[in-house]
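Here's the structure we're looking at; comments come further down.
The values are calculated or read from the model by the stated rules, or taken from the named source; none is laboratory data. Just so it is clear, the model here is predicted, and its values are computed rather than measured. Quick reminder, even Gly has a Cβ in these numbers, built from the backbone with ideal geometry, and neighbours come from all protein chains shown. Remember, those area values only see protein heavy atoms, side chains included, never the ligands or the DNA or RNA. Shrake-Rupley method; radii C 1.70, N 1.55, O 1.52, S 1.80 Å.
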Amino acid sequence: MSDNEFVYADNAATTRPDPEVVKAMEPYCTAKYGNSASQYYEMGRQARMALDEAREKLAALIGAKPEEVYFTAGATESDNWVLHSTVLTGKKKHVVTTAIEHHAVLEPLEFLKENGYGDYTVLPVDSVGRVDPEELGKAIREDTGLVSIMHANNEIGTIEPIRELAAIAKEKKVAFHTDACQTVGKIKVDVDELAVDMLSLSAHKFHGPKGIGALYLRRGTRLAPFIHGGGQENNRRAGTSNVPGAVGMGKAAELAPRYIEDGPRQRKLIEEIWKGVSSAIPKIRRNGDPESRIPNLLSVCAEGAEGEAILGYLNMSGIQVSSGSACTSGSLEPSHVLLACGVPVEIAHGSIRVSLSHENTDADARKIVAEMPKVVARLREMSVTWKG
Ligand code: PLP
């Protein structure tokens, strides 16, 4: 199991920092605390070298050049940077996105629209969460400056046909951005294979530290700075560099091929969990694309049981999973992702997301299969509306 006492299966929300990541960061939190912008003395130069090395490791993981990688405070900042800068300073202020994006994309777009700076079109998805490339072609207008479509969805795990979608945008001379938070470190991500102009990622999703991420910006892509101040990150993202965070993310990037290699084993565990819970729980459905999906995630809806209640009982049984995304699981609103896939509201309320990492074991899967049916049955017994 992930730990002696509990099963942690909420790796789409965040992952455990790899012990090697923590070890690599430690000297930059203690003895080597120099400011990477202070180049006239040893400790500053040491920090700068560490930052450069981390950038190289991250670039290597995604097939980019180091000078195309900009450190940020996480994927939320990277997404906001792309959207704000495009809409506020670009000539073309219309953005095309999808109904299942993370709030880090949908909220800035709504903010920009509400305040009169731009406009956006939301593409629908099919019942498994896939965007139709033809729909993208139709949605791009004369004033479209950007297409932003996530690589894999954080709630249902569906992988979007990014290469095909990016090709459509390119043909129409529109920049293409993807939020790859849920794929970097899980499956191979290569910016040239995907043919994207911009890509957001976050270290804590692949065993790095929290509070650091990056934006990949293809050479030649125009994007004004979002955070203004000092000249860090080649004058494109101001603020004293988070050297320990970058070192941690660099280490995680170096280790990521190991995590990716473990993907097929996690996929097998996910299938075993689905087989177990679907044979023990009547009226349970699986969400997301059965084929085009990340290997570590299972999303299900159990009719007649509230997702939050299931989580509470599973937690008492020593299992930590989530319903939908971590950002919305505090609210009782049904997931916008499931609704966009056409899941009825009352069923969307019973959603559970199990997301694994290389640390999860067969015993973890067995425990989930043993406990989830008991919890769902208990809640259905208590329900006044459940009719079996
Ligand atoms: N985008 C997606 C798809 C995510 O899953 C997340 C994490 O929840 C984010 C953005 C936000 O990332 P961060 O925590 O680095 O701001």
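Of Ala195, Ala180, Ala253, which has the largest mean-square fluctuation in a 10 Å C-alpha GNM of the chain? With Cα springs under 10 Å in the chain, the top fluctuation among Ala195, Ala180, Ala253 is at Ala195. Maximal additional length on extending the Glu261-Val345 stretch stands at 26.5 nm, based on 0.36 nm per residue less the C-alpha distance.
In whole percent, how big is the carbon plus sulfur part of the accessible area of the range 19-258, probe 1.4 Å, protein atoms only? Could the numbers behind the result be given before it?
Working: 5260 of 10190 Å².
The nonpolar share, carbon plus sulfur, comes to 52 percent.
Just how far, in whole angstrom, is the range 9-58 from the range 199-241 if you go by their alpha carbon centroids? So the separation of the two Cα centres works out to 15 Å.
Once the chain from Val122 to Ala377 is taken as fully extended at 0.36 nm per residue, the excess over their C-alpha distance is 88.0 nm. Note on the range 50-176: percent of Cα-Cα distances in each 5 Å bin, starting at 0 and stopping at the bin with the largest distance, equals 2, 10, 19, 20, 21, 16, 8, 3, 1, 0. Within the range 19-258, antiparallel bridges make up roughly 40 percent of the DSSP beta bridges whose residues both belong there.
Residues of the chain were split at every exposed loop site, defined as chymotrypsin sites (Phe, Trp or Tyr not before Pro) in a DSSP loop with at most 16 other C-beta atoms within 10 angstrom, and the longest piece left, sites excluded, is 118-385.
Determine the gain in length on full extension of the stretch Arg163-Thr30; use 0.36 nm per residue of separation and subtract their C-alpha separation, reporting nm with one decimal.
Details: separation 133, 0.36 × 133 = 47.88 nm, distance 4.31 nm.
This chain segment gains 43.6 nm when fully extended.
Working from label points 7 Å from Cα in the Cα-to-Cβ sense, the Asn115 to Ser279 distance is 5.5 nm.
Can you work out the accessible area per residue across the chain, with the rest of the protein chains kept in place, probe 1.4 Å, in square angstrom?
Working: 16850 Å² over 388 residues.
Solvent-accessible surface per residue comes out at 43 Å².
Which longest uninterrupted range of the chain lacks any GluC sites (Glu not before Pro) assigned by DSSP to a loop state (not H, G, I, E or B) and surrounded by at most 10 other Cβ atoms within 10 Å? Longest run free of exposed loop sites: 143-290. Each of Val384 and Glu193 was given a label point 7 Å from its Cα along the Cα-to-Cβ line. The distance between the two points is 5.4 nm.
In the chain, helices alone account for a calculated mean residue ellipticity at 222 nm of -12500 deg cm²/dmol, with every DSSP H run of four or more residues adding -39,500 (n - 2.57). Global size of the chain: 21.3, 73 Å for Rg and Dmax (C-alpha atoms, Rg to one decimal, Dmax whole).
Note on exposure: Thr178, Thr385 ranked by accessible area (1.4 Å probe, complete protein assembly) read Thr385, Thr178, with the most exposed listed first.
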